[in-house]
Amino acid sequence: MVNFSANGTADGQTWLRRAVAADAAGDVVTAERAFLQALSCDGGLVDARFGLGVTYFRSARYGDAAAELQAVVSAGAADGTTYVLLGKSLYLIGRFSASVEAFELALRAMPLEGDSRRCHARARTYASFIAGKIDEALTNYPALAGIEAEPINIVIRDGFGLLSAYGHRDAAASLGELLLAANPDDAVQRHLNDAVAGRPISGVPPAYVEAHFDAFADGFDDKLVNVLGYRVPERLATLVRRHHASFVHALDLGCGTGLAGEYLEPVVDKLSGVDLSARMLEQAARRKIYDTLTHAEALAYLAKHPATFDLIFAADTLIYFGKLDALMAAVAQAMTAGGLFAASIENAMNDFEILPSGRFAHAEAYVTRLAEPHFELLKREATDIRLEANVPAKGTLLVWRRR
Ligand SMILES: C[S@@+](CC[C@H](N)C(=O)[O-])C[C@H]1O[C@@H](n2cnc3c(N)ncnc32)[C@H](O)[C@@H]1O
C-alpha cells in the first residue's frame with residue numbers, strides 16, 4: 001500500500017521502492033506504472049528514470065528507453081551502465097552514430113565486454129557504412145570487436161537488413177551488391193536489392209518467397225509472435241466470426257505455419273491451406289488442424305478450385321503481391337456466393353509500394369477499388385501488423401462478402 005503525504009519526495013521514494021520490488025519480481029507492468037508514479041511525484045528522481053529506462057528496454061520499447069536514459073545523462077547522473085544501456089537502445093532504433101557516442105562515454109568508466117563490445121563494434125561499423133566508408137569499416141571491424149568479433153558476412157548481412165529498415169538505402173544498396181557478388185544465385189538477396197534500390201517491381205518473385213520462407217520456417221512462430229508481436233491471424237479471425245458463425249470449406253491462403261488454424265478450426269467444417277513454402281507447410285501439418293495442405297502458388301491453386309470456398313482467409317499474404325488485380329479476380333472465382341474474403345494489408349500512400357523489407361504495402365483505397373466488382377465490404381479495422389525496425393507497422397484488416 002502506497003501512502004501519499006504532503007511531501008512529494010517521500011511519496012516518490014515510496015513508489016520507487018515499490019517499482020524496484022516489482023522489477024525484481026519480474027512484474028514489468030507494475031514496475032513501469034510505479035516508476036511513472038514516482039516520477040509524477042518527483043520528476044527529479046533519477047533512479048526512477050533509470051529504472052523506467054531499464055523497464056522500457058526489457059519491454060523492447062527502445063525509443064522510450066533511450067529517452068529516459070538520455071534524461072539521466074542530462075541530469076548529470078549517468079554511470080558506465082547507463083551509457084551502455086543508452087548505447088544499446090540507440091543501436092536498436094537505428095541511431096548508430098549516437099549509439100557510438102554513448103558507448104564511448106561508457107568506455108571512460110568501464111571496459112566493454114560481451115554483447116556490449118559487439119554492439120559498440122557493430123554501431124561504429126554501421127555508422128561508417130552510412131558515411132560511405134565501407135572498405136575502411138570492414139577493415140577496422142575485427143580490431144574493434146576483438147574476441148567478440150562475429151563472422152564478417154553476418155555483420156554485413158545484418159547491416160544490410162538494419163540499414164534498409166532504418167531508411168539508409170544507399171548504404172544498404174552497397175552492402176546488398178557485396179552480398180550478391182559473393183553469391184550471385186541468391187534469389188532472396190536479388191529481390192531485396194531490387195527493393196532497396198527502388199527498382200520498379202509489381203510482384204514478389206516466387207523463388208524469393210520459397211527460399212525466404214523455407215529458411216525462416218523453423219523460427220517463424222517464435223519470431224513473429226513473441227518477438228514481433230504478430231497477432232493478425234487471431235484478430236482477423238475474430239472479425240470474420242463476428243460476421244458469420246460457421247463455414248463449410250475455408251481456405252487459408254498463404255497459410256504458412258498455420259498460425260490461423262486454431263482460430264479458424266472452431267468455425268469451419270473443412271480447412272484447407274495452400275503455400276509456396278514446403279518447410280512452412282511442414283510446420284502447419286504438425287498442428288493436425290488442416291484437412292488438406294497444398295504446396296502451390298496461390299493464383300495457380302485458386303484457378304483450379306472454382307466456386308469452392310465460402311471463406312478465404314489471407315493473413316499477411318497480400319504483402320507478397322504488388323499488383324492485386326489478378327489475385328482479387330482469382331479469389332473471387334474460387335468463392336461461393338455470399339462467402340467471406342478476409343485479408344490484411346500493410347498501409348501505403350500509393351496503390352502499392354515495394355518496401356525495403358522486400359514486402360509490399362497497399363493503399364486501402366486501391367484494395368477496396370479492386371475488390372468492389374466482386375465483393376461488398378463488411379468491415380475494416382486499423383491494426384498494428386508486427387514490429388518493423390522496432391516500431392509497429394501500420395495496417396488494416398478487411399472483411400468482404402462475395403456478391
Ligand atoms: C508472412 S507469412 C504469413 C503466414 C500465415 N498466413 C500467418 O498469418 O502466419 C506469408 C506466407 O505467404 C506465403 N506466400 C507468399 N506468396 C505466396 C504465393 N504467391 N503463393 C502461395 N503462398 C505464398 C509464404 O510462403 C508465407 O508462408
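The values are calculated or read from the model by the stated rules, or taken from the named source; none is laboratory data. As the structure is a computational prediction, the values presented were derived from the model and not from experiment. Methodologically, a virtual Cβ is constructed for each residue, glycine included, from the backbone with ideal geometry; neighbour enumeration extends over all protein chains shown. Surface areas here come from the heavy atoms of the whole protein model, side chains and all, with no ligands, DNA or RNA. Shrake-Rupley method; radii C 1.70, N 1.55, O 1.52, S 1.80 Å.
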**Study point:** Among (1) under 16 Å from VAL399 (Cα atoms); (2) more than 10 Å from the ligand (Cβ to nearest atom); (3) at pLDDT 95 or above; (4) open to solvent by 10 Å² or more (accessible area, probe 1.4 Å), the one test that VAL240 misses
**Key:** (4)
Practice item. Run down ALA337, ALA330 and say which single residue is open to solvent by less than 20 Å² (accessible area, probe 1.4 Å), at pLDDT 95 or above and not in a loop (DSSP other than H, G, I, E, B). Key: ALA330
Revision key, fill the gap. Condition set touching a residue at least 60 places away in the same chain (Cβ under 8 Å) and touching a strand residue (DSSP E or B) at 6+ places or on another chain (Cβ under 6 Å), scope the stretch 280-310, selection nearest to the ligand (Cβ to nearest atom): answer is PHE309
Revision key, fill the gap. From the option list LEU397, LEU377, LEU370, single residue qualifying as buried (at least 16 other Cβ atoms within 10 Å of the Cβ), of a type in the set (A, V, I, L, M, F, W, C) and without any contact (Cβ under 8 Å) to a residue 60 or more places away in the chain is LEU370
Check your understanding: Restricting attention to the stretch 153-167, does a residue exist that is surrounded by fewer than 16 Cβ atoms within 10 Å (Cβ to Cβ) and over 22 Å from the mean Cα position of the chain (by Cα)?
Key -> yes
Check your understanding: Is at least one residue of the stretch 298-308 surrounded by fewer than 14 Cβ atoms within 10 Å (Cβ to Cβ) and touching a His at 6+ places or on another chain (Cβ under 6 Å)?
Key -> no
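Collect the residues in the stretch 90-129 that are of a type outside the set (Gly, Ala, Ser) and over 24 Å from ARG61 (Cα atoms), keeping them in residue-number order. So that I can check it myself, show each step before the final result.
Here is the first cut: in the stretch 90-129, the residues of a type outside the set (Gly, Ala, Ser) are 90-93, 95-96, 100-101, 103-105, 107-108, 110-113, 115, 117-120, 122, 124-126, 129.
Scanning the stretch 90-129 gives LEU107, ARG108, MET110, PRO111, PHE129.
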Review point. Which one of ALA48, ALA98, ALA109 is over 25 Å from the mean Cα position of the chain (by Cα) and open to solvent by less than 30 Å² (accessible area, probe 1.4 Å)?
Key: ALA48
Exercise for review: Just one of (1) at pLDDT 95 or above; (2) open to solvent by 60 Å² or more (accessible area, probe 1.4 Å); (3) on the phi < 0 side of the Ramachandran plot trips up VAL29, so point out which.
Suggested key: (1)
**Study point:** Residue count, the stretch 198-208 (criterion: of a type in the set (Gly, Ala, Ser), open to solvent by 50 Å² or more (accessible area, probe 1.4 Å) and in a loop (DSSP other than H, G, I, E, B))
**Key:** 1
Exercise for review: Among the residues of the stretch 217-228, count how many are without any contact (Cβ under 8 Å) to a residue 40 or more places away in the chain and within 11 Å of the ligand (Cβ to nearest atom).
Suggested key: 2
Review point. Given the stretch 351-403, what strands (runs of 3 or more DSSP E) lie entirely inside it while holding 2 or more residues that are of a type in the set (A, V, I, L, M, F, W, C) and within 16 Å of SER164 (Cα to Cα)?
Key: 360-362, 391-402
Review point. Of everything in the stretch 69-93 that's open to solvent by less than 50 Å² (accessible area, probe 1.4 Å) and either among the polar types (S, T, N, Q) or farther than 24 Å from GLU32 by Cα (or both), which residue is farthest from the chain's Cα centre (by Cα)?
Key: THR82
Review point. Checking ALA245 against (1) open to solvent by 20 Å² or more (accessible area, probe 1.4 Å); (2) away from the ligand (no atom under 12 Å from the Cβ); (3) among the hydrophobic types (A, V, I, L, M, F, W, C); (4) modelled with pLDDT of 95 or more, which single condition isn't satisfied?
Key: (4)
Review point. Within the stretch 248-271, restricting attention to residues that are assigned to a strand (DSSP E or B), surrounded by fewer than 21 Cβ atoms within 10 Å (Cβ to Cβ) and free of Cβ contacts under 8 Å to residues at least 60 places away in the same chain, which residue is farthest from the ligand (Cβ to nearest atom)?
Key: ASP269
Study note, to complete from the structure: The number of residues in the stretch 53-68 that are in contact (Cβ under 8 Å) with a residue 24 or more places away in the chain, in a helix (DSSP H, G or I) and either open to solvent by 50 Å² or more (accessible area, probe 1.4 Å) or not β-branched (Val, Ile, Thr) (or both) is 8
Check your understanding: In this structure, does ALA343 turn out to be within 11 Å of the ligand (Cβ to nearest atom), within 21 Å of THR257 (Cα to Cα) and either at pLDDT below 95 or touching a helix residue (DSSP H, G or I) at 6+ places or on another chain (Cβ under 6 Å) (or both)?
Key -> yes
Check your understanding: Between residues in the stretch 139-163 that are closer than 19 Å to SER97 by Cα and residues that are open to solvent by 30 Å² or more (accessible area, probe 1.4 Å) and among the basic types (Lys, Arg), which pairs lie under 8 Å by C-beta distance while being six or more apart or on different chains?
Key -> ASN140/ARG124; LEU144/ARG124; ALA145/ARG117; ALA145/ARG118; LEU163/ARG169
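Only one of ALA211, ALA195 is part of a helix (DSSP H, G or I) and within 11 Å of the ligand (Cβ to nearest atom). Can you tell me which?
After applying the criteria, what remains is ALA211.
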